[in-house]
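J.: This is the structure, below, for whatever I ask next.
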Amino acid sequence: MKRVRAYLMVFVVLPVLMAQPAAAGLEIQENSATYALNMFSDVDGVSVFTHYIDYALKSDSEVRASFEWVHDKVIVPAIDAAPGTPDLVDAVTSASRPIIEPQDAFEDFVKIRNSAQGTVDYRGASASYYVSSENDYFAQMVSAGYNRNFLYDNFNLSGGASYSWDDITPFETGGTRGSAYRNTLHWNLVATQIVTTTSRVRFGVELNSVTGQQHDPYRSVYVDGEIEPELHPTSRSRRNAFLNFSQYLGNESSLKADFRYYQDDWDVASQTYGLKLGQRISRELTVRYRYRYYTQLPAWFYRDDYRNSTNVDGFQTADYRLGSYGAHLFGGHITWHPERLLGGVDFLEHTELNFTYERYFNSNNFTANVFETSVSIAF
C-alpha cells in the first residue's frame with residue numbers, strides 16, 4: 001500500500017505541481033522531452049537494458065521543474081562457483097550472481113526496477129522526491145539544496161541534504177534473514193572557482209550516516225567450514241572529499257583530473273585518481289578517453305577465511321569490495337549526433353548516439369570488458 005501511495009505522489013501530485021506555473025498565469029518559456037535507451041553488457045553475460053523518459057519546463061519567473069521515469073531490466077547469468085568467492089559479485093553492476101546447483105535449482109537472475117523523480121528549482125533553491133521499486137526492494141528519498149554565485153559569478157557555493165528510507169524484502173531462499181530496512185542521511189558542500197577563462201577548480205565534501213541492513217541478503221560465506229548468511233554491522237558513518245580540475249587545451253579539446261579520498265567507521269579507506277581527455281573531432285563527433293585508479297584498505301571485520309567467527313563479533317562478509325585491493329579502469333567514449341545523415345532528417349537533429357568501451361581489472365584477478373551503447377531523442 002505504501003508503494004501505491006508513493007507512486008500516486010509521483011505520477012499524479014508532481015505533474016500537478018509542475019503545472020502550477022501555467023495555472024498561476026506564469027508563462028512557460030521552455031519545455032522539452034527526452035527519451036533514451038541504454039544497453040550495457042560485459043563478457044560474463046551480465047546485461048542491463050534501461051529506458052529513460054525525461055520532461056522539463058521553465059517558466060518566465062525562473063521556476064524550473066523536471067520529471068524523470070526510468071525502467072531497468074538486469075540479467076545476471078548463473079555461474080558455477082562456491083559461496084563466498086569474489087566471482088559471485090559482478091564488479092560493475094554490484095549484482096549478486098546466482099549459483100548453478102547440481103540439481104539446476106538456480107536459473108539466470110532477472111530483476112526489473114522502475115523509478116521516478118520529480119524536481120523543482122527556483123533561483124538556486126531545489127527540492128526533489130525520488131521513488132524506486134523492485135520485487136524485493138522499495139526506496140524513497142527526499143532532498144533539498146541551494147547554490148549561489150559570488151565574485152562576479154566566478155565562484156559558486158552549493159550545499160544539499162537528503163534523507164532516504166528503504167524497505168528490503170528479500171525472496172525466501174536459503175540464507176536470507178527476512179525483511180529489513182535501511183535509512184540514509186546525506187550532506188554535501190561543494191565550492192567551484194573559475195580560475196581563468198579556460199580552467200576551473202572544484203572541491204567538495206560529503207557526509208553519510210547509514211542505519212539498518214547493509215549486507216546482501218542473498219550472499220553467503222564460509223564460516224568454520226559451514227555456509228552462513230553474510231552479516232554486516234547495522235550502522236555506518238561515511239565521509240569523503242574530492243578535488244576536480246578542468247582545463248581547456250585549445251583545438252576543441254579538454255582535460256579533467258580528479259582525486260577522491262574516502263573513509264568510514266568500518267575502517268575502509270580508499271583513494272581514487274582519474275583522468276579524462278575529451279576531443280571534438282567535428283560538429284557531429286566527440287571522443288573521450290578515461291583512466292581511473294582505485295586503491296582501498298579493508299573493513300575491520302573482513303577476512304579472507306573465517307575459521308573462527310568469534311574474532312569479528314559474528315560479522316562476516318563475502319564482498320571483496322570490503323577487502324584490500326587495487327583496481328584499474330580505462331576506456332573510450334564516442335558521442336555522435338547524426339544530424340546530417342539521410343539529407344538532414346528533422347528528428348536526427350535532436351538524436352544522440354553514445355558508444356562506450358571500458359576495461360576493468362583488479363588485484364583480485366577479476367577482469368571485465370564493459371560495452372555500453374545508448375540512443376536519446378529530444379522533442
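J.: So how do 369-379, 113-123, 243-253 stack up, highest first, on mean other-Cβ count within 10 Å? Walk me through the numbers on the way to the answer.
T.: Numbers: 369-379: 15.3, 113-123: 17.4, 243-253: 13.5.
In decreasing order of mean packing, 369-379, 113-123, 243-253 become 113-123, 369-379, 243-253.
J.: Next question. Rg to Rh ratio, region 205-302, alpha-carbon atoms and Kirkwood radius? Let's see the in-between values first.
T.: Numbers: Rg = 20.0 Å, Rh = 16.9 Å.
Value, to two decimals: 1.18.
J.: Now for a different question. Mind checking the full-extension length gain between Ser363 and Tyr152? Use 0.36 nm per residue of separation minus the Cα-Cα distance, one decimal, nm.
T.: Details: separation 211, 0.36 × 211 = 75.96 nm, distance 4.74 nm.
Gain on extension, Ser363 to Tyr152, equals 71.2 nm.
J.: If neighbour count is taken as other Cβ atoms inside 10 Å, put Phe49, Phe67, Phe242 in order from fewest to most. Walk me through the numbers on the way to the answer.
T.: Numbers: Phe49 14, Phe67 21, Phe242 17.
Taking fewest neighbouring Cβ atoms as first place, the list is Phe49, Phe242, Phe67.
J.: Related question: Quick one: net charge of Val120's neighbours, Cβ under 12 Å, K/R +1, D/E -1? Each step should come with its number before you reach the end.
T.: Values: positive: Lys58, Arg64, Arg123; negative: Glu62, Asp121.
Overall, the nearby charge balance is +1.
J.: Please report, largest first and rounded to whole Å, the three semi-axes of the ellipsoid equivalent to region 111-220, where each semi-axis is the square root of five times an eigenvalue of the C-alpha gyration tensor. Spell out each step's value before the answer.
T.: Details: eigenvalues 281, 47, 28 Å².
The equivalent ellipsoid of region 111-220 has semi-axes of 37, 15, 12 Å.
J.: What is the distance, in nm, between label points placed 7 Å from the Cα along the Cα-to-Cβ direction at Asn251 and at Thr34?
T.: 3.0 nm
J.: If you don't mind, another one. Can you compute 3J(HN,Hα) from phi for each residue in region 63-68, using the Karplus curve 6.51 cos²θ - 1.76 cosθ + 1.60 with θ = phi - 60°, rounded to whole Hz and x for Gly and Pro?
T.: With coefficients 6.51, -1.76 and 1.60, one gets 7, 10, 9, 9, 9, 10 Hz.
J.: Taking the alpha-carbon centroid of each part, what is the distance from region 122-198 to region 209-245 in angstrom?
T.: Region 122-198 and region 209-245 have Cα centres separated by 20 Å.
J.: Stokes-Einstein D for region 232-370 at 10 °C, 1.306 mPa s, Kirkwood Rh over Cα pairs, in µm²/s? Show your work: numbers first, answer last.
T.: Details: Rh = 18.4 Å.
Answer, rounded: 86 µm²/s.
J.: Which residues among region 116-137 fall inside the zone where the amide N is under 19 Å from a point 7 Å beyond the Cα of Trp69, along Cα→Cβ?
T.: So the set is 116-120, 129-135.
Read-outs: derived from the displayed coordinates by stated rules, not from any lab. These numbers come from a predicted model, not from an experiment. Here Cβ is always computed from backbone atoms with ideal geometry, including for glycine, and neighbour counts include all displayed protein chains.
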